[in-house]
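In what follows, a single structure is set out as structure tokens and then discussed.
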Amino acid sequence: MLLPLPLAGAYDYKVGEGQSLAVGDLVRVPLGRRQAVGVVWGPGQGEVAAEKCRAVDAALPLPPLPPPLRALVDWVAAYTLSPPGAVLKMALSVPSALEPAPRVPLGYGAAAVLPDGLALTAPRRAVLAAAAD
């Protein structure tokens, strides 16, 4: 579990009964006396005895961190010699970055639904007119 804190590396947590977690999932975990948000970064390293590991409290209802973003966090941390958690904090600092891109329904011709603020240049108007036929 990688936490968005300037820590040396990932922490091991137990997966609770009935939980199904995958790499990239965002979860809430206990950290000391508080709760923290973390990302499942991979399988546990097994350096801590299983009886000393605390369990993941809950999986958050958010899309998982995509593999390219996780790879970027690891690369930036290695390149800048920074703790991976500090880089993860920057990646998670904009919550809307974790939301899927909005889908814009488009059609052709008269049925076209154009997004607000779309600049219709002359070539774009020509394409829509051609599609209407």
Please work out which one of (1) small (Gly, Ala, Ser); (2) more than 17 Å from residue 70 (Cα to Cα); (3) assigned to a loop (DSSP other than H, G, I, E, B) is the condition residue 36 fails and give its number. (3)
Could you tell me whether residue 60 is modelled with pLDDT under 90, open to solvent by less than 90 Å² (accessible area, probe 1.4 Å) and within 17 Å of residue 88 (Cβ to Cβ)? yes
Can you give me the number of residues within the stretch 12-57 that are under 17 Å from residue 91 (Cα atoms) and either touching a helix residue (DSSP H, G or I) at 6+ places or on another chain (Cβ under 9 Å) or aromatic (Phe, Trp, Tyr) (or both)? 6
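Name the one entry in 119, 131 that is part of a helix (DSSP H, G or I), at pLDDT below 80 and more than 26 Å from residue 26 (Cβ to Cβ).
Of 119, 131, the one residue that is part of a helix (DSSP H, G or I), at pLDDT below 80 and more than 26 Å from residue 26 (Cβ to Cβ) is 131.
So which of 5, 69 is open to solvent by 40 Å² or more (accessible area, probe 1.4 Å), within 15 Å of the chain's Cα centre (by Cα) and of a type outside the set (Lys, Arg)? Give the derivation first.
Details: 5 fails: within 15 Å of the chain's Cα centre (by Cα).
Just one listed residue meets the conditions, 69.
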Identify all residues within the stretch 79-89 that are open to solvent by less than 70 Å² (accessible area, probe 1.4 Å) and part of a helix (DSSP H, G or I); write none if there are none. 84, 85, 86, 87, 88
Just wondering, is there one or more residues in the stretch 78-85 that are in contact with a helix residue (DSSP H, G or I) (Cβ under 6 Å, 6 or more places away or on another chain) and at pLDDT 90 or above? yes
Taking the condition of being open to solvent by 40 Å² or more (accessible area, probe 1.4 Å), more than 18 Å from the chain's Cα centre (by Cα) and of a type in the set (A, V, I, L, M), how many residues in the stretch 8-48 meet it? 3
How many residues does the stretch 40-62 contain that are touching an Asp or Glu at 6+ places or on another chain (Cβ under 7 Å) and more than 18 Å from residue 9 (Cβ to Cβ)? 1
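The values are calculated or read from the model by the stated rules, or taken from the named source; none is laboratory data. For clarity, every value in this text was computed on a predicted model and none was experimentally measured. Virtual Cβ from ideal backbone geometry, glycine too; neighbours counted across all protein chains shown. Note: accessible area is taken over every heavy atom of the protein model, side chains too, but ligands, DNA and RNA are not part of it. Shrake-Rupley method; radii C 1.70, N 1.55, O 1.52, S 1.80 Å.
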